[in-house]
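Here the structure comes first, spelled out in structure tokens, and everything after it is commentary.
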Amino acid sequence: MKNITKLLLVVLVSLLSANSNAQIFRIISGLNLSNMLIKNDLDTYSDDFKMNPGFHIGGTIEFPLSNRLSLGTGLLIDTKGFIVKEEGQDWYQKEKLNLYYLDIPIVLKVLHDFESGIKVYGVVGPYFGVGLVGKIKNEQEYQGQKDSDKEDVEWGNDEYEDFFKRFDSGLTFGGGLEIKAILIGISYDLGLYNISPYSSANGFKMNNRVLRFSIGYRLGNTN
């Protein structure tokens, strides 16, 4: 796991150190609506999961390849997880999973510049992530009596001790608008790496899903 993290950081630093006067830097943040796919070869267990609202914040950099194409990357703190709730006439139970990741997207960006000055773009590419911390919060109520507890997420590959593998990866794609220095975008992260440490012959897996609404600000020259 440490070697994977070092490799991701080396790749990012290499890109950031590239000699290019046309680099475009942005700060970016916004709303995350995350969920998780949990299934095996026979059943899907996450059909009743609800999206968990959260956030992302970080910085991005783009390396123009032509007038319409660029290669982008960055560092983002991303929240992921899900909410599941069950309730009856005089009871309910709610579980909320909050996971915090350091994500590194590497995307190809296609840009179209209209005469009005508004630019429309689309992006697609892989992302790589490292789990930082996580917490599970449970709430219960029965006949007016409420109770709650919290538990820290354990990361690793031990199927008996750990909750999730620390590494995550998948495909990110989206689009949006650029209006001078302002970027407004929407994207979706489709987790493809099985983050479950549990080994099973029936194909058990867990995959992250994140719908992201972003606003960014371009630093430096805004022409």
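Filtering Leu69, Leu65, Leu42, Leu76 for residues that are under 20 Å from Leu219 (Cα atoms), touching a residue at least 24 places away in the same chain (Cβ under 8 Å) and exposed (fewer than 15 other Cβ atoms within 10 Å of the Cβ) leaves a single hit, Leu69.
Quick test for you: out of Ser20, Ser66, Ser14, Ser29, pick the one residue that is at pLDDT 95 or above and polar (S, T, N, Q).
From the options Ser20, Ser66, Ser14, Ser29, the qualifying one is Ser29.
Looking only at segment 135-145, decide whether some residue is modelled with pLDDT of 95 or more, in contact with a Gly (Cβ under 8 Å, 6 or more places away or on another chain) and not basic (Lys, Arg). No, segment 135-145 contains no residue that is modelled with pLDDT of 95 or more, in contact with a Gly (Cβ under 8 Å, 6 or more places away or on another chain) and not basic (Lys, Arg). Checked against the criterion of being outside any strand (DSSP E or B), acidic (Asp, Glu) and modelled with pLDDT of 95 or more, segment 103-121 contains not a single residue that satisfies it. For the subset of segment 178-195 comprising residues that are under 18 Å from Val130 (Cα atoms) and surrounded by 19 or more Cβ atoms within 10 Å (Cβ to Cβ), which member is nearest to the chain's Cα centre (by Cα)? Across segment 178-195, the extreme among qualifying residues is Asp189. Each residue in segment 196-209 was checked for being more than 27 Å from Val120 (Cβ to Cβ), open to solvent by 40 Å² or more (accessible area, probe 1.4 Å) and either touching a residue at least 60 places away in the same chain (Cβ under 8 Å) or among the basic types (Lys, Arg) (or both), and 4 pass.
Taking segment 84-98 as the range and being more than 16 Å from the chain's Cα centre (by Cα) and open to solvent by less than 80 Å² (accessible area, probe 1.4 Å) as the test, the residues that pass are Val84, Gly88, Asp90, Tyr92, Lys94, Glu95, Lys96.
The values are calculated or read from the model by the stated rules, or taken from the named source; none is laboratory data. Here the structure is a predicted model, which is why all the values come from computation and not from measurement. Quick reminder, even Gly has a Cβ in these numbers, built from the backbone with ideal geometry, and neighbours come from all protein chains shown. What goes into the accessible areas is simple: the full protein's heavy atoms, side chains included, and nothing from ligands, DNA or RNA. Shrake-Rupley method; radii C 1.70, N 1.55, O 1.52, S 1.80 Å.
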